[in-house]
Amino acid sequence: MDWVELGRALQAARKAAGLGQADLAAQLDVSRSSVQAIERGTTYTKPTSLIRAFAKAVGWADGSVERVLEGGEPALAHEEPPAAEPEATETIPDGKLPLRVVADLTDEGALLDTAVIPLPGGGQAVVVVKGKAGGTPAEIQEALEAWRRTQPHLQGLLDDESPAAAGA
């Protein structure tokens, strides 16, 4: 763990953020000497809440202190996109779907299509078609084409079980 390098990196990030040591100390509600000690990298032996607050104040993402201590580079907080809510959750009525279905809908993977297929006797089947999580555009397109080929067959299976088809 390279504490001196962490101190240098935090100092550079503070300067890049346009903050003086006194400004940052006031923001963190600590003495200027505490900021100086972190930047020297000679006082600490483990990441503290103060070091993490320093990192956050200069725009580092969570986990950056550890990455720098291990010889890596910090990630900037704005570089990490916020976790996007899947489209399906916007239309899920609270408590109206089984938890397994909610989990499947909110899992990774692009929402490609939905279909409501009438069932014999008046019920309905709802089909949600999702692409491969992290799939390439070509893989997503292939999944959509597979669904387009499958949908008529699924509709045909249900039509074959209708009371009219059974009596024919």
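The values are calculated or read from the model by the stated rules, or taken from the named source; none is laboratory data. Just so it is clear, the structure is predicted and the values come from calculations on it, not from any experiment. A quick note on method: Cβ atoms are made from the backbone with ideal geometry, for glycine too, and the neighbour counts reach across all protein chains shown.
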- Item | Tally, over the stretch 21-71, of residues that are crowded, with 16+ Cβ neighbours inside 10 Å and among the acidic types (Asp, Glu) | 1
- Message: Show the residue pairs meeting these rules: Cβ distance below 6 Å; 6+ apart or different chains; first residue within the stretch 58-87 and part of a loop (DSSP other than H, G, I, E, B); second residue among the hydrophobic types (A, V, I, L, M, F, W, C) and modelled with pLDDT of 90 or more.
- Response: 58/13; 74/60; 74/68; 75/61; 80/61
- Note on the structure: Pairing a residue in the stretch 124-152 that is closer than 14 Å to residue 108 by Cβ with any residue that is at pLDDT below 80 and hydrophobic (A, V, I, L, M, F, W, C), where Cβ atoms lie under 6 Å and the two sit 6 or more apart in sequence or on different chains, gives 130/111; 131/110; 131/112; 131/140; 131/143; 140/110
- Message: Quick check on the stretch 32-55. Is at least one of its residues farther than 17 Å from residue 3 by Cα, free of Cβ contacts under 8 Å to residues at least 40 places away in the same chain and part of a loop (DSSP other than H, G, I, E, B)?
- Response: no
- Query: Among the residues of the stretch 137-150, is there at least one that is surrounded by 10 or more Cβ atoms within 10 Å (Cβ to Cβ), within 30 Å of residue 7 (Cα to Cα) and modelled with pLDDT of 75 or more?
  - Reply: no
- Here the residues within the stretch 76-133 that are surrounded by 14 or more Cβ atoms within 10 Å (Cβ to Cβ) and at pLDDT below 65 are 86, 88, 92
- Within the stretch 1-21, of all residues that are among the small types (Gly, Ala, Ser) and free of Cβ contacts under 8 Å to residues at least 12 places away in the same chain, the one farthest from residue 72 (Cα to Cα) is 20
